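Read the structure below first, then the notes.
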Amino acid sequence: MRIRTILLSIAAFAMAFAAHAMDFKPAVVYDMGGKFDKSFNEGISNGVAKFAEETGVEVMEFEVTAEPQREQAMRRMAERGATIVLGVGFAQADAMNKVSAEFPDVKFAIIDVYWLDQPNLRQYSFKEHEGSYLVGIAAAMASQTGKVGFVGGMDIPLIRKFACGYVQGVMATNPDAEIFQNMTGSTPAAWNDPAKGAELTQSQIDRGADVVYHAAGGTGTGVIRAAADAGKLAIGVDSNQNHLAPGSVLTSMLKRVDVAAYNTFKDAMSGDFETGIKVLGLAEGGVDWALDDNNAPLINDAMKAAIDDAKAKIISGDIVVHNYESDNNCPS
């Protein structure tokens with residue numbers, strides 16, 4: 001009788017969980033560049049895929065190709081019964097603010113936004129400057145010319161934050177280093193222009209740069225290819241891009257948007273979803289640098305020790321990396 005009771009309890013729990021899973025309808029709205037941009041959007045996609053595989057829950061997805069689609073897609077997801085809608089990127093802020101207000105009973109979350117004020121919204125901000133500082137150390141130590149580069153996507157404070165952290169890491173390692181910086185453009189098209197990324201990278205290489213870091217979304221594939229073709233080194237961003245050109249990608253600055261996407265859906269499904277702002281840096285595992293078989297031959301013991309030391313000191317507060325977004329300024 002006791003065994004039968006236990007089995008019935010297990011069956012009831014399983015049925016209840018299945019019913020809850022059926023009622024739970026997550027959705028994600030990717031931004032320009034698409035879910036397979038090998039960078040920012042793809043990081044989100046990886047987290048979404050992990051959640052779907054673990055839970056068996058289907059996630060509604062939409063890939064934005066034009067600006068008006070952001071708001072339309074979010075509203076359509078909510079109207080179709082989505083219980084949690086995840087928006088990808090700062091450019092979705094206005095749409096997210098408007099639609100989350102229209103659907104107060106739906107949970108919303110957004111990546112790279114921290115200034116909205118809706119009671120049903122979770123916002124994620126990352127300390128990209130901390131991770132960029134680490135890859136700046138790697139760039140300075142790997143460079144043979146003392147000249148390194150940075151190629152950004154859309155020219156906005158967020159991308160300047162990547163650049164500024166990188167500059168600080170380079171200069172802390174080699175105060176005599178020369179750093180070239182270029183932004184791809186001033187519109188969202190800057191995130192998906194590999195040809196322009198390659199052109200800017202080649203121009204920096206022509207001036208002597210032998211390591212080029214990008215924070216440019218899909219445009220970054222052009223940066224990596226141009227560096228590899230020239231026999232120089234690139235540094236990837238967001239996702240681990242070391243595999244895109246093994247032996248030519250020094251490392252990647254990891255921005256764990258995959259973890260943010262996964263946790264968003266898991267928390268919403270389990271009833272643990274909290275609104276407000278979540279800030280993720282080195283201490284929280286939100287940013288880091290990538291070391292794997294693809295780039296291990298490029299990272300010597302001294303370089304790894306220097307990066308690990310700086311990482312520990314940033315986490316402890318012994319090193320404070322200036323955040324460009326705090327004052328729109330980067331210390332020289």
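Between 57, 64, which is within 24 Å of residue 256 (Cβ to Cβ) and surrounded by fewer than 18 Cβ atoms within 10 Å (Cβ to Cβ)? Going through 57, 64 in turn, the sole match is 57.
Go through the stretch 181-206 and give me each residue that's under 18 Å from residue 228 (Cβ atoms) and not acidic (Asp, Glu). Once the filter is applied, which keeps residues that are under 18 Å from residue 228 (Cβ atoms) and not acidic (Asp, Glu), the stretch 181-206 yields 194, 195, 196, 197, 198, 200, 201, 202, 203, 204, 205. For the stretch 238-247, the candidate set comprises residues that are touching a Gly at 6+ places or on another chain (Cβ under 8 Å) and either assigned by TED's automatic domain parsing to the domain that holds residue 105 or at pLDDT 95 or above (or both); within that set, the residue that is surrounded by the fewest Cβ atoms within 10 Å (Cβ to Cβ) is 244.
The residues listed here are 224, 205; of these, the one that is closer than 30 Å to residue 52 by Cβ, hydrophobic (A, V, I, L, M, F, W, C), part of a helix (DSSP H, G or I) and not assigned by TED's automatic domain parsing to the domain that holds residue 35 is 224. Of everything listed in (1) at pLDDT below 95; (2) in a helix (DSSP H, G or I); (3) surrounded by 18 or more Cβ atoms within 10 Å (Cβ to Cβ), the single unmet condition for residue 20 is (3).
Among what's in the stretch 320-332 and is touching a residue at least 12 places away in the same chain (Cβ under 8 Å) and part of a loop (DSSP other than H, G, I, E, B), pick the residue that is farthest from residue 141 (Cα to Cα). Among residues in the stretch 320-332 that are touching a residue at least 12 places away in the same chain (Cβ under 8 Å) and part of a loop (DSSP other than H, G, I, E, B), the one farthest from residue 141 (Cα to Cα) is 328.
Residue 279 falls short on exactly one of the conditions (1) over 29 Å from residue 199 (Cβ atoms); (2) in contact with a Leu (Cβ under 9 Å, 6 or more places away or on another chain); (3) of a type in the set (Val, Ile, Thr), and that condition is (2). Would the stretch 260-276 turn up any residue that is β-branched (Val, Ile, Thr) and not assigned by TED's automatic domain parsing to the domain that holds residue 233? Checked against the condition, which is being β-branched (Val, Ile, Thr) and not assigned by TED's automatic domain parsing to the domain that holds residue 233, the stretch 260-276 yields at least one hit.
Given the criteria at pLDDT 95 or above and outside the structural domain of residue 297 (by TED's automatic domain parsing), does residue 159 qualify? Criteria not met by residue 159. Only one entry of 165, 208 meets the criterion of being out of contact with any helix residue (DSSP H, G or I) (no Cβ under 8 Å at 6 or more places or on another chain), in contact (Cβ under 8 Å) with a residue 12 or more places away in the chain and not hydrophobic (A, V, I, L, M, F, W, C), and that entry is 208. Per the conditions (1) touching an Asp or Glu at 6+ places or on another chain (Cβ under 8 Å); (2) modelled with pLDDT under 95, the sole criterion not satisfied by residue 143 is (2). Just a yes or no: is a residue in the stretch 214-232 basic (Lys, Arg), closer than 26 Å to residue 281 by Cβ and in contact with an Asp or Glu (Cβ under 8 Å, 6 or more places away or on another chain)? No: the stretch 214-232 contains no residue that is basic (Lys, Arg), closer than 26 Å to residue 281 by Cβ and in contact with an Asp or Glu (Cβ under 8 Å, 6 or more places away or on another chain). Within the stretch 254-269, does at least one residue satisfy the condition of being assigned to a helix (DSSP H, G or I), hydroxyl-bearing (Ser, Thr, Tyr) and under 15 Å from the mean Cα position of the chain (by Cα)? Yes: one or more hits. Of the set (1) under 26 Å from residue 61 (Cβ atoms); (2) crowded, with 18+ Cβ neighbours inside 10 Å, all apply to residue 277 but (2).
The values are calculated or read from the model by the stated rules, or taken from the named source; none is laboratory data. Keep in mind that what you see is a predicted model, and the values were worked out from it rather than measured. Here the Cβ is made from the backbone with ideal geometry for all residues, glycine too, and neighbour counts use every protein chain on show.
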